[in-house]
Structures are given as structure tokens and as C-alpha cells.
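Participant: What follows is a single structure, and I will ask about it in a moment.
The values are calculated or read from the model by the stated rules, or taken from the named source; none is laboratory data. Just so it is clear, the structure is predicted and the values come from calculations on it, not from any experiment. No Cβ is skipped: glycine too gets one built from the backbone with ideal geometry, and neighbour counts run over all protein chains shown. Only protein heavy atoms, including side chains, enter the accessible area calculation; ligands, DNA and RNA are left aside. Shrake-Rupley method; radii C 1.70, N 1.55, O 1.52, S 1.80 Å.
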Amino acid sequence: MSGMERLCVLVRHGQSEWNLQNLFTGWQDPPLTELGRQEAREAGRRLKARGIVFDKAYTSCLSRAQDTLALILDEIGQPGLETVCDSALNERDYGELTGLNKADAAARFGKKQVHAWRRSYDVPPPGGESLKDTLARTVPYYLRNILPDILEGKRVIVAAHGNSLRAMTMGMEGLSPAEILSREIATGIPILYRLKANSRIEGREVLEK
């Protein structure tokens, strides 16, 4: 069992139409831009160059993550890979900020308040979720569903969103609220984790090239 490969790749969806327009997206479902599709294909090419193949995939219920995953799997020659979609992996719900341009939101609510909603750990926007709230659904899902697959030796890819992946990263790496606030996850850049048998992180690599 000690020689078993325990591998998990996290990848944030490629650029969406609302990313391009600088809008709070949350649970809304805009499509990928052409750049976003290119980012997804490039992610697949980087994984293929490493010879990485997968046994199972997880993604959210939002099309920008699902389409990113499909483009990656097409690039690595694994279309039709077993895939589980779950809303636990959805982006953070931005509540009343959803659909607002970030500059317009700052003008409406105040720059300091919007910064607090965006960058604090436990301050939710009106009607929405904080990062702490997102973690409360994402990390238990990881522990119940994704981690057991990894520990069984399945090579897993998770295509999701900036905040749901930050929450998952926090759980995987044991980061503090202060540490996770400074962690950014770029669109379309795979992050490769290798885990020990006790579920601790053995290695982490960002596949930027």
C-alpha cells in the first residue's frame, strides 16, 4: 500500500463572460469566454505533458466548471471519464452583490465594505455566503466523498471555482483563516497534490508551464 499513488488535481474554471466584465458571479451561470476555453485546453495540455491520467472527476453544478473539465478531459484523451457534479463545489454565493460590477458595488456600498465582503473570512455580503460559509459545505464534501477516493489510490481531478477551491485548499493543507486570505487561485492553472496515507499533503505543485 505504501507505493500507492494518491493524487488530486484542482483546477479553477477558465475565464467566464462575467469574469471578463468584472461582475460578481457566484451561483449565476455565465459561459466561458474564448480565452477561458483556451485556458482549459492549455490546462489539459499541461497535464498530458506530465503523463497524468485520472480515474474520477468532480465538478460543481455550474456550466463554466463543467465545460472546463470537459475541455481538459478531451485534451488528455479521457472524454467520458466518470464525473460527479455537486452543488457543494459551487462558487461562493455573493447574494445581493451577484451581477454587480465590482466598481459599481464599491460606489453603492462603499469601497471598505465591499473589500470586507470580498476579502474577509467570515463576513458575508447581504443574502450571500462568506468564505467560512463556503468552507462549511465544501470541506465536509471533500472529506466524505473526494478524500476516500484519493486514499483508495484513485487519481482525481476537481474542476470548480476560486472560492470553493480556496475552501477546499484550506481543509487539505490545514491553513488558517489569515493564510487562506492571501492564497489566490488563477483560472485554468492546475494544482497538483500528492497525499500521504494519513491524508496529509506530501507535495504540492502549481503547473504553470
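Participant: Output the residue which, of all residues in region 99-109 that are of a type in the set (Gly, Ala, Ser) and without any contact (Cβ under 8 Å) to a residue 24 or more places away in the chain, is most open to solvent (accessible area, probe 1.4 Å). Show your work before the answer.
Facilitator: Here is the first cut: in region 99-109, the ones of a type in the set (Gly, Ala, Ser) are 99, 103, 105-107.
Among the residues that remain, those that are also without any contact (Cβ under 8 Å) to a residue 24 or more places away in the chain are: 106-107.
Working: ALA106: 25, ALA107: 89 Å².
Taking the candidates together, the pick is ALA107.
Participant: Continuing with this model, one more query. Confirm whether ILE157 is among the hydrophobic types (A, V, I, L, M, F, W, C), modelled with pLDDT of 95 or more, farther than 24 Å from SER16 by Cα and within 16 Å of the chain's Cα centre (by Cα).
Facilitator: Values: among the hydrophobic types (A, V, I, L, M, F, W, C): yes; modelled with pLDDT of 95 or more: yes; farther than 24 Å from SER16 by Cα: no; within 16 Å of the chain's Cα centre (by Cα): yes.
No, not satisfied.
Participant: Still on this structure, I have one more. Report yes if some residue within region 110-117 is open to solvent by 10 Å² or more (accessible area, probe 1.4 Å), within 30 Å of MET4 (Cα to Cα) and of a type in the set (S, T, N, Q); otherwise report no.
Facilitator: There is no residue in region 110-117 that is open to solvent by 10 Å² or more (accessible area, probe 1.4 Å), within 30 Å of MET4 (Cα to Cα) and of a type in the set (S, T, N, Q).
Participant: Same structure, new question: Restricting region 138-156 to residues that are open to solvent by 40 Å² or more (accessible area, probe 1.4 Å) and in contact (Cβ under 8 Å) with a residue 12 or more places away in the chain, which is nearest to LEU73 (Cα to Cα)? Lay out the reasoning, then the answer.
Facilitator: The first filter runs over region 138-156 and keeps only residues open to solvent by 40 Å² or more (accessible area, probe 1.4 Å), leaving 140, 143-145, 148, 151-152, 154-155.
In the following step, the residues that additionally are in contact (Cβ under 8 Å) with a residue 12 or more places away in the chain were identified as 140, 143, 145, 151, 154-155.
Working: PRO140: 26, LEU143: 24, ASN145: 21, LEU151: 22, LYS154: 16, ARG155: 13 Å.
Applying the filter and picking the extreme gives ARG155.
Participant: Could you run through region 124-137 and say how many residues are more than 16 Å from ASP86 (Cα to Cα) and open to solvent by less than 50 Å² (accessible area, probe 1.4 Å)?
Facilitator: 6
Participant: Taking region 157-209, which residues are open to solvent by 10 Å² or more (accessible area, probe 1.4 Å), in contact (Cβ under 8 Å) with a residue 60 or more places away in the chain and of a type in the set (Ser, Thr, Tyr)?
Facilitator: THR187
Participant: Oh, and also: Determine which member of the set ALA105, ALA116 is closer than 24 Å to LEU23 by Cα and in contact with a Leu (Cβ under 8 Å, 6 or more places away or on another chain).
Facilitator: Step by step, each of ALA105, ALA116 is checked, and only ALA105 is closer than 24 Å to LEU23 by Cα and in contact with a Leu (Cβ under 8 Å, 6 or more places away or on another chain).
Participant: In the set ALA116, ALA136, which member is modelled with pLDDT of 95 or more and among the aliphatic types (A, V, I, L, M)? Talk me through it step by step, then tell me what you get.
Facilitator: Working: ALA116 fails: modelled with pLDDT of 95 or more.
Unique residue meeting the criteria: ALA136.
Participant: Okay, next question. In region 20-47, which residue that is under 21 Å from SER164 (Cβ atoms) and free of Cβ contacts under 8 Å to residues at least 60 places away in the same chain is most open to solvent (accessible area, probe 1.4 Å)?
Facilitator: Out of the qualifying residues, it is LEU20.
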